[in-house]
Each structure stands twice: as structure tokens, then as C-alpha cells.
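The next block holds one structure in the form of C-alpha cells; read it before the comments.
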């Protein structure tokens, strides 16, 4: 069992972080007209490294069950605006839309990899 | 108000905020030609105040949305027009026209429309992703 979950781990972790980033970008887009709202984002690289190294909770004993991805406490960063606006809002629609579509594509990529792995496993199990 | 849990709450609440904005614009445009006998009773453009609402677990999820905090009236002065034959004209023959700038309202209407569309787009995309995820392994 552990073998299978470890086999799928990389992409399922990536999927969780991507999904979290999708929510953050959706929040930015929802707040595009709110004065003084500062656009937020996470750094995917460092987040995924954090999740892979220790999970959500650090295990102090090798017998501890490794915590799953229930709410990783990531570092929320602020976006540096290209051209700041007078009302203090740092959401730039073009930037957010590009980041969002890139993130969606990368989510789909991870999903496709997962699907391929699962169908590989299935055909190995069935022995077809 | 209940907590913001997912992207549907985020986009839904932001869309209702944009709809409130759209309603104020419609009211402003509908009242654009109105005249009144005194400066105090003349119509003044209404503007919604947007504010950010954060989810309870914002530190973990990073979810926030926008909500209408209240509605103010713009400080644009009503225009004073000389119209002695008008039934509501004051003793000097002036009426006060509604303090609404039609061009400004139109531009704001376009902006509200675009932001509404952006929110719908986000929900449509993420809903498709969720459906793909549900069908994983099939």
C-alpha cells in the first residue's frame, strides 16, 4: 500500500499546492476592484519542497504517521505591481489572468500524469 | 456572514458585490436627468464601498473575497440651471439637476461588467478542473 501511495505522491502533492494557488489567484481576481487590497501569491517551488520534506506536521519519531496535505502552512507573499494604482490595489488583471491560466495548465498536467500512472498501475494489477 | 470555504464562495460574493455596483449605476443613470427645487434635495450619484473579507483560515487557504461595506453618495455638486418656467424652480428661477456624470457611470458600468465576467471565467475553469479531478483514474 505504501508503495502505491509513494508512487503517486509527487503529483498528488503538486496537485494540492496547485489547487491552493488557484484559490489564492481566484481571490485576487475577486478583489480586483477593492481599494487597498494587496494581491497575494505563493512560491510553488518552495511550497512543494516544504510539503515533500516534512509534510504538514513535522514527525519527531519515525513511528509517527506522516501527516497528509491537510492545510500546509505556507508563506503567503505579496505581489510586486508593475504599475501601482492610486487606490492602493495591487491586482493587475493581465498578470493575474496569465498566472491563473498557467497554474490551471500545470494542474491539468499533474492530473494527466496521475491518470497515466493510475492506468499503468491498473493494467499491471489486471495483468492485461 | 458565514465563512468563505471555496472558490464558489469567493466568486459568488464578488459577483454579488459587482451586481450591487451595477444596481447603483442603473439608479444613477435612471436619475441622471432629474431636476429638483433645492440643492439639498437634488439627486446625487450613489457609489458602493468595497472591502475585502478574509476566510477564517486565511493563513492556510489564502482565500478572500470582496463585499459591499455600504453605499455613499458622491460629492459631485448638482448643476444649477436657469429654468424659470419649470414648476419646481425656486424663487430666483433656478432648478438643480442630478449630480450624475453619465460618461463616468458608463465607464464604471463597463468595468463592473468585465470584473463580473472575470469571476465567471474563474469559476468555469475551476469547475472543469474539479470535474476532471473527480474522474481521475477512469
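The values are calculated or read from the model by the stated rules, or taken from the named source; none is laboratory data. Given the structure is predicted, the values throughout are model-derived calculations rather than measurements. For neighbour counting, all protein chains shown are included, and Cβ atoms are generated from backbone atoms with ideal geometry for every residue, glycine included.
Of B:44, B:76, B:127, B:80, all but one fail to be closer than 30 Å to residue A:115 by Cβ and more than 11 Å from chain A (Cβ to nearest Cβ); the exception is B:127. Across segment A:1-15, the qualifying residues are those that are within 11 Å of chain B (Cβ to nearest Cβ) and farther than 17 Å from residue B:126 by Cβ, and the one among them that is surrounded by the fewest Cβ atoms within 10 Å (Cβ to Cβ) is A:12. Among the residues examined, residue B:70 does not qualify as closer than 21 Å to residue A:32 by Cα and at pLDDT below 90.
Residue A:18 passes every criterion in (1) modelled with pLDDT of 90 or more; (2) out of contact with any helix residue (DSSP H, G or I) (no Cβ under 7 Å at 6 or more places or on another chain); (3) surrounded by 15 or more Cβ atoms within 10 Å (Cβ to Cβ) apart from (2). From the list A:61, A:89, A:28, the lone residue that is at pLDDT 90 or above, part of a loop (DSSP other than H, G, I, E, B) and either within 12 Å of another protein chain (Cβ to nearest Cβ) or more than 18 Å from the chain's Cα centre (by Cα) (or both) is A:89. Of the residues that sit in segment A:93-104 and are at the interface with chain B (Cβ under 10 Å from one of its Cβ atoms) and surrounded by fewer than 18 Cβ atoms within 10 Å (Cβ to Cβ), which one is farthest from residue A:27 (Cα to Cα)? Restricting to residues being at the interface with chain B (Cβ under 10 Å from one of its Cβ atoms) and surrounded by fewer than 18 Cβ atoms within 10 Å (Cβ to Cβ), the top hit is A:101.
Taking residue B:100 as the residue in question, decide whether it is surrounded by 13 or more Cβ atoms within 10 Å (Cβ to Cβ) and either within 10 Å of another protein chain (Cβ to nearest Cβ) or closer than 30 Å to residue A:120 by Cβ (or both).
Numbers: surrounded by 13 or more Cβ atoms within 10 Å (Cβ to Cβ): yes; either within 10 Å of another protein chain (Cβ to nearest Cβ) or closer than 30 Å to residue A:120 by Cβ (or both): no.
Taking the combined requirement at face value, the residue does not satisfy it.
Tell me yes or no: at least one residue of segment B:50-67 is under 22 Å from the mean Cα position of the chain (by Cα), away from every other protein chain (no Cβ under 14 Å), farther than 30 Å from residue A:122 by Cβ and modelled with pLDDT under 95. Looking through segment B:50-67, none of the residues is under 22 Å from the mean Cα position of the chain (by Cα), away from every other protein chain (no Cβ under 14 Å), farther than 30 Å from residue A:122 by Cβ and modelled with pLDDT under 95. When residue B:90 is tested against (1) within 17 Å of the chain's Cα centre (by Cα); (2) surrounded by 15 or more Cβ atoms within 10 Å (Cβ to Cβ), just one condition goes unmet, and that condition is (1).
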